[in-house]
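**Q** One structure is given below, represented as structure tokens, and several questions about it will come after.
The values are calculated or read from the model by the stated rules, or taken from the named source; none is laboratory data. No experiment lies behind these values; they were computed from the predicted model shown. Here the Cβ is made from the backbone with ideal geometry for all residues, glycine too, and neighbour counts use every protein chain on show.
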Amino acid sequence: MAAVIINIKNAVVSYREDVALRGVSLEIRVGEMIGVIGPNGAGKTTLLTLINGLGHLLQGEVWVLGHDVSRGCLAALRSRIGYVPQLPAIDPRMPVTVREVVMMGRYGRLGFFRRPGPKDWQRVDDLLQRVGMEHLAGRPIGHLSGGEQQRVAIARALAQEPEILLLDEPTASLDRKGEQQILTLIQRIHKERQLTTLMVTHSLAGLDALCDRLVLMKGGRIWQTGTPAALLTEKVLELLF
Ligand code: ATP
């Protein structure tokens with residue numbers, strides 16, 4: 001059986017008076033593709049930020065890639081975790097090209113004082129091709145559609161060559177075709193790069209084919225985990241949402 005790469009033990013996370021996670025425990029093994037689903041406010045994004053070392057852990061423990069994320073230097077750990085956040089609103093006047101946005105993903109690997117070299121730019125161009133965005137490489141990031149921005153955000157996360165990929169609603173704002181394309185892309189990249197992937201999503205279509213396991217969250221707790229076949233039933237989903 002593959003090694004445990006993420007181990008969350010009884011995690012409690014709170015934002016001032018709001019308790020976002022109430023004693024969450026979860027073990028994830030190397031190479032797993034996990035879908036995280038649940039209603040609004042269930043704690044799904046908070047779970048991702050906890051793994052990324054950005055959550056405010058009040059109680060419990062979080063171990064990622066052998067590091068205790070509640071202590072120690074997290075910069076090195078974060079460079080091994082690719083994070084695609086929920087799509088932010090981008091000012092169309094932002095003077096940064098698509099290619100430069102993807103290069104930002106490499107800064108964690110490069111360190112603050114090293115400038116990107118030809119090999120880094122080559123890597124960025126390869127990734128843009130991989131996500132089908134090479135034709136828009138020179139365009140300002142704010143001039144892209146939601147779906148195009150999602151693809152660029154995935155390329156940026158991959159530019160850091162992560163071992164763990166965290167995706168927060170990567171298909172939000174996409175039409176059906178765009179959603180299917182992004183899911184297929186995520187599945188391919190997950191396999192090719194032998195990643196461990198967690199994806200928060202509100203869209204249940206295609207999850208059975210994509211995910212090894214689902215984590216169902218409700219009210220700041222993990223309500224159930226299991227295979228998509230076991231959990232994607234009308235009865236379970238009615239109780240969840
Ligand atoms: P959604 O599906 O709407 O994105 P979610 O399941 O991802 O929701 P979280 O974003 O993790 O839920 O939020 C969990 C709880 O924590 C919610 O009650 C939310 O209001 C609260 N919360 C999240 N971020 C903050 C914050 N920065 N400050 C205060 N409360 C927060």
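**Q** Suppose we filter region 185-237 for residues that are within 16 Å of the ligand (Cβ to nearest atom) and on the phi > 0 side of the Ramachandran plot; how many remain? Quick ask: steps written out before the conclusion?
**A** Our first condition is that a residue be within 16 Å of the ligand (Cβ to nearest atom); within region 185-237, this holds for 198-204, 207, 214-225, 237.
Now drop any that are not on the phi > 0 side of the Ramachandran plot, which leaves 219-220.
Residues that pass the stated criteria total 2.
**Q** Suppose we keep only residues that are of a type in the set (Asp, Glu) and more than 13 Å from Met104 (Cα to Cα) within region 126-161. Which one would you say is surrounded by the fewest Cβ atoms within 10 Å (Cβ to Cβ)? Working first, answer last.
**A** Step one: of region 126-161, the residues of a type in the set (Asp, Glu) are 126, 134, 148, 161.
Next cut, more than 13 Å from Met104 (Cα to Cα) only: 126, 134, 148.
Working: Asp126: 13, Glu134: 15, Glu148: 18.
So, considering only residues that are of a type in the set (Asp, Glu) and more than 13 Å from Met104 (Cα to Cα), the one surrounded by the fewest Cβ atoms within 10 Å (Cβ to Cβ) is Asp126.
**Q** Here's another thing I want to ask about it. Scan region 162-176 and give yes if some residue there is away from the ligand (no atom under 16 Å from the Cβ), free of Cβ contacts under 8 Å to residues at least 60 places away in the same chain, on the phi < 0 side of the Ramachandran plot and in contact with a Leu (Cβ under 7 Å, 6 or more places away or on another chain), otherwise no.
**A** no
**Q** It is to be established whether one or more residues within region 82-95 are touching a His at 6+ places or on another chain (Cβ under 8 Å), in contact (Cβ under 8 Å) with a residue 60 or more places away in the chain and either loosely packed, with under 14 Cβ neighbours inside 10 Å or under 30 Å from Ala2 (Cβ atoms) (or both).
**A** So the first thing to find is which residues in region 82-95 are touching a His at 6+ places or on another chain (Cβ under 8 Å), and the list is 92.
Checking the rest, the ones that are also in contact (Cβ under 8 Å) with a residue 60 or more places away in the chain come to none.
So far as region 82-95 goes, no, none of its residues is touching a His at 6+ places or on another chain (Cβ under 8 Å), in contact (Cβ under 8 Å) with a residue 60 or more places away in the chain and either loosely packed, with under 14 Cβ neighbours inside 10 Å or under 30 Å from Ala2 (Cβ atoms) (or both).
**Q** When region 183-203 is examined, which residues are found to be over 30 Å from Gly60 (Cα atoms), hydrophobic (A, V, I, L, M, F, W, C) and either touching a residue at least 40 places away in the same chain (Cβ under 8 Å) or touching a Lys or Arg at 6+ places or on another chain (Cβ under 7 Å) (or both)?
**A** Leu185, Ile189 - these are the residues of region 183-203 that are over 30 Å from Gly60 (Cα atoms), hydrophobic (A, V, I, L, M, F, W, C) and either touching a residue at least 40 places away in the same chain (Cβ under 8 Å) or touching a Lys or Arg at 6+ places or on another chain (Cβ under 7 Å) (or both).
**Q** How many residues are in a loop (DSSP other than H, G, I, E, B), within 10 Å of the ligand (Cβ to nearest atom) and at pLDDT 95 or above when one looks only at region 2-39? Full working, then the answer.
**A** Narrowing region 2-39 to residues in a loop (DSSP other than H, G, I, E, B): 2-3, 16-17, 30-32, 38-39.
If we keep only those that are within 10 Å of the ligand (Cβ to nearest atom) too, we end up with 16-17, 38-39.
Now restrict to residues that are at pLDDT 95 or above: 38-39.
Total meeting the criteria: 2.
**Q** Could you please let me know if Glu61 is among the charged types (D, E, K, R), modelled with pLDDT of 95 or more and more than 16 Å from the ligand (Cβ to nearest atom)?
**A** Working: among the charged types (D, E, K, R): yes; modelled with pLDDT of 95 or more: no; more than 16 Å from the ligand (Cβ to nearest atom): yes.
Here the answer is no, as Glu61 does not meet what is asked.
**Q** Is one or more of the residues making up region 17-25 over 27 Å from Leu239 (Cβ atoms) and free of Cβ contacts under 8 Å to residues at least 60 places away in the same chain?
**A** Within region 17-25, the subset over 27 Å from Leu239 (Cβ atoms) is 17.
Filter once more, keeping what is free of Cβ contacts under 8 Å to residues at least 60 places away in the same chain: 17.
Looking through region 17-25, at least one residue is over 27 Å from Leu239 (Cβ atoms) and free of Cβ contacts under 8 Å to residues at least 60 places away in the same chain.
**Q** May I pose another question? Would you tally the residues in region 105-125 being surrounded by 14 or more Cβ atoms within 10 Å (Cβ to Cβ) and more than 22 Å from the chain's Cα centre (by Cα)?
**A** Residues in region 105-125 being surrounded by 14 or more Cβ atoms within 10 Å (Cβ to Cβ) and more than 22 Å from the chain's Cα centre (by Cα): 3 in total.
**Q** I would also like to ask the following. From the list Gly219, Gly142, Gly132, Gly138, pick out the single residue that is touching a Ser or Thr at 6+ places or on another chain (Cβ under 9 Å) and more than 27 Å from Ala75 (Cα to Cα).
**A** Matching residue, one of Gly219, Gly142, Gly132, Gly138: Gly138.
**Q** Here's a follow-up. Can you name the condition, by its number, that Leu50 falls short on among (1) assigned to a strand (DSSP E or B); (2) within 16 Å of the ligand (Cβ to nearest atom); (3) crowded, with 16+ Cβ neighbours inside 10 Å; (4) among the aliphatic types (A, V, I, L, M)?
**A** All conditions pass for Leu50, except number (1).
**Q** Would you confirm, using the coordinates I've provided, whether Gly66 is buried (at least 22 other Cβ atoms within 10 Å of the Cβ), away from the ligand (no atom under 16 Å from the Cβ) and under 16 Å from Ile164 (Cα atoms)? I'd like the intermediate steps shown before the answer.
**A** Working: buried (at least 22 other Cβ atoms within 10 Å of the Cβ): no; away from the ligand (no atom under 16 Å from the Cβ): yes; under 16 Å from Ile164 (Cα atoms): yes.
Considered against the rule, which asks whether it is buried (at least 22 other Cβ atoms within 10 Å of the Cβ), away from the ligand (no atom under 16 Å from the Cβ) and under 16 Å from Ile164 (Cα atoms), Gly66 comes out as no.
**Q** Let me ask you something else. Out of region 148-203, which residues are assigned to a loop (DSSP other than H, G, I, E, B), among the charged types (D, E, K, R) and under 24 Å from Glu100 (Cα atoms)?
**A** So the first thing to find is which residues in region 148-203 are assigned to a loop (DSSP other than H, G, I, E, B), and the list is 160-163, 169-175, 193-195, 201-203.
From what's left, among the charged types (D, E, K, R): 161, 163, 169, 175, 193.
Within region 148-203, Glu161, Glu163, Glu169, Arg193 meet the criteria.
One line per residue, one yes/no per condition, for (1) touching an Asp or Glu at 6+ places or on another chain (Cβ under 8 Å); (2) among the hydrophobic types (A, V, I, L, M, F, W, C):
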position: Ala3; (1), (2): no, yes
position: Ile6; (1), (2): yes, yes
position: Val19; (1), (2): no, yes
position: Ile28; (1), (2): no, yes
position: Gly38; (1), (2): no, no
